[in-house]
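Enquirer: Quick one: the structure is below, and I'll ask about it shortly.
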Amino acid sequence: MSAMRIAVAGATGNIGALTVAALERSGHQVVRVSRSLGVDLTTGEGLDAALEGVEAVVDATNGTATDREEAVAYFGTTTRNLLAAAARAGVRHHVLLSIACLDRVEGNAHYAGKREQERLVSGGPVPWTIVRATQFHDFAAMVTSWTERDGAATVAPLLLQPIAPADVAEILAEIAVGEPRGLYRDIAGPEPQDLVDMARRTNEARGRTVRLVPTWTGLFGTEMAGEVMLPGEDARIAPTTFDEWLAGQR
């Protein structure tokens, strides 16, 4: 396959940086789109110049808003700006990283923002693929970092089927160079895990001592209990297990 010019939005983030690396390993020219690099998705500043000559865009951006209206406004604004600039530049493929089980969870602000993002992409002017991933292997560490106070962290006992960030990046890179696929099947890791156990094992691997308090009175409500967070039956299963990822954290 001939080399392509591909833009990655959120290029300095966890998945974005790994996607940049995966594309470059395959010989593609990557344009990094990030506020820290002078391209602001919230205002559109620098976008037209960044997307000049670009054939595909991968949107791996993230938002930190915990308020529903703020999350919807943030993802709505950044996505509209990115799609409009992509259309002006003649981009032929917009790839959006989204979340598996998005339609099953109503109360979460971040999920509301991602649904708005999917709505805009699927109804937008650029041919598209939406890739819904389960939570990442480092999700438990993120949750404990958000909730830790005085040596203790609250963690919901979620049942997940987490995926390695590097596997997500490889799949995004693969899809970006192909034809638009619409709503792609869920991507997930090879085995279900309990979030509390993931947090305990991650802390052990990293040499951290945190007392974990399992509870539903926190970031995640009981609407996420049971098998709600597991991928669809036709999910694409990535190879890296949680244990293999953990081994790299030691």
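Enquirer: With the checklist (1) open to solvent by less than 30 Å² (accessible area, probe 1.4 Å); (2) free of Cβ contacts under 8 Å to residues at least 60 places away in the same chain; (3) closer than 24 Å to GLU191 by Cα in hand, flag the one item MET142 doesn't pass.
Expert: So MET142 meets the others, but not (1).
Enquirer: Go through segment 152-164 and give me each residue that's open to solvent by 10 Å² or more (accessible area, probe 1.4 Å) and out of contact with any Gly (no Cβ under 9 Å at 6 or more places or on another chain).
Expert: At the first step, the residues of segment 152-164 found to be open to solvent by 10 Å² or more (accessible area, probe 1.4 Å) are 152, 154, 157, 159, 161.
Of everything in segment 152-164, those that are open to solvent by 10 Å² or more (accessible area, probe 1.4 Å) and out of contact with any Gly (no Cβ under 9 Å at 6 or more places or on another chain) turn out to be ALA152, PRO157.
Enquirer: So, one more: Only residues in segment 108-131 that are assigned to a loop (DSSP other than H, G, I, E, B) count as the first member; pair them with residues that are at pLDDT 95 or above and surrounded by fewer than 21 Cβ atoms within 10 Å (Cβ to Cβ), Cβ under 7 angstrom, at least 6 apart or cross-chain, and list the lot.
Expert: Matching pairs, first to second residue: PRO125/ALA87; VAL126/ALA87; PRO127/ARG92; PRO127/PRO180.
Enquirer: Out of the residues in segment 203-242 meeting the condition of being of a type in the set (Ser, Thr, Tyr) and under 16 Å from PRO157 (Cα atoms), tell me which one is most open to solvent (accessible area, probe 1.4 Å). Walk me through how you get there before you give the answer.
Expert: We begin by selecting, within segment 203-242, every residue of a type in the set (Ser, Thr, Tyr); these are 209, 215, 217, 222, 240-241.
Then drop every residue that is not under 16 Å from PRO157 (Cα atoms), which leaves 215, 217, 222.
Details: THR215: 29, THR217: 121, THR222: 96 Å².
Only one residue fits best here, namely THR217.
Enquirer: Could you figure out which of (1) farther than 18 Å from GLY113 by Cβ; (2) among the hydroxyl-bearing types (Ser, Thr, Tyr); (3) open to solvent by 50 Å² or more (accessible area, probe 1.4 Å) isn't true of THR66?
Expert: In the conditions (1) farther than 18 Å from GLY113 by Cβ; (2) among the hydroxyl-bearing types (Ser, Thr, Tyr); (3) open to solvent by 50 Å² or more (accessible area, probe 1.4 Å), THR66 misses (1) alone.
Enquirer: Further question on the same structure: Identify, from the list LEU51, LEU97, LEU120, the residue that is over 24 Å from MET198 (Cβ atoms) and surrounded by 23 or more Cβ atoms within 10 Å (Cβ to Cβ). Steps first, answer last, please.
Expert: On the way: LEU97 fails: over 24 Å from MET198 (Cβ atoms); LEU120 fails: surrounded by 23 or more Cβ atoms within 10 Å (Cβ to Cβ).
After applying the criteria, what remains is LEU51.
Enquirer: Being touching a helix residue (DSSP H, G or I) at 6+ places or on another chain (Cβ under 9 Å), assigned to a helix (DSSP H, G or I) and polar (S, T, N, Q) is the filter here, so list the residues in segment 66-91 that pass it.
Expert: Within segment 66-91, THR78, THR79, ASN81 qualify.
Enquirer: Of the conditions (1) among the aliphatic types (A, V, I, L, M); (2) in contact with a strand residue (DSSP E or B) (Cβ under 6 Å, 6 or more places away or on another chain); (3) open to solvent by less than 10 Å² (accessible area, probe 1.4 Å), ALA85 fails just one. Which one is it?
Expert: Evaluating ALA85 over (1) among the aliphatic types (A, V, I, L, M); (2) in contact with a strand residue (DSSP E or B) (Cβ under 6 Å, 6 or more places away or on another chain); (3) open to solvent by less than 10 Å² (accessible area, probe 1.4 Å) leaves (2) as the failure.
Enquirer: Is it the case that SER26 is at pLDDT 95 or above, surrounded by fewer than 18 Cβ atoms within 10 Å (Cβ to Cβ) and either touching an Asp or Glu at 6+ places or on another chain (Cβ under 6 Å) or not acidic (Asp, Glu) (or both)? Before the answer, list the steps.
Expert: Values: at pLDDT 95 or above: yes; surrounded by fewer than 18 Cβ atoms within 10 Å (Cβ to Cβ): yes; either touching an Asp or Glu at 6+ places or on another chain (Cβ under 6 Å) or not acidic (Asp, Glu) (or both): yes.
It is true that SER26 is at pLDDT 95 or above, surrounded by fewer than 18 Cβ atoms within 10 Å (Cβ to Cβ) and either touching an Asp or Glu at 6+ places or on another chain (Cβ under 6 Å) or not acidic (Asp, Glu) (or both).
The values are calculated or read from the model by the stated rules, or taken from the named source; none is laboratory data. Note that the structure is predicted; figures quoted are calculated from it, not measured. In this analysis, Cβ positions are derived from the backbone assuming ideal geometry, glycine residues included, and neighbour counts consider all displayed protein chains. For accessibility, only protein heavy atoms count, side chains too; no ligands or nucleic acids. Shrake-Rupley method; radii C 1.70, N 1.55, O 1.52, S 1.80 Å.
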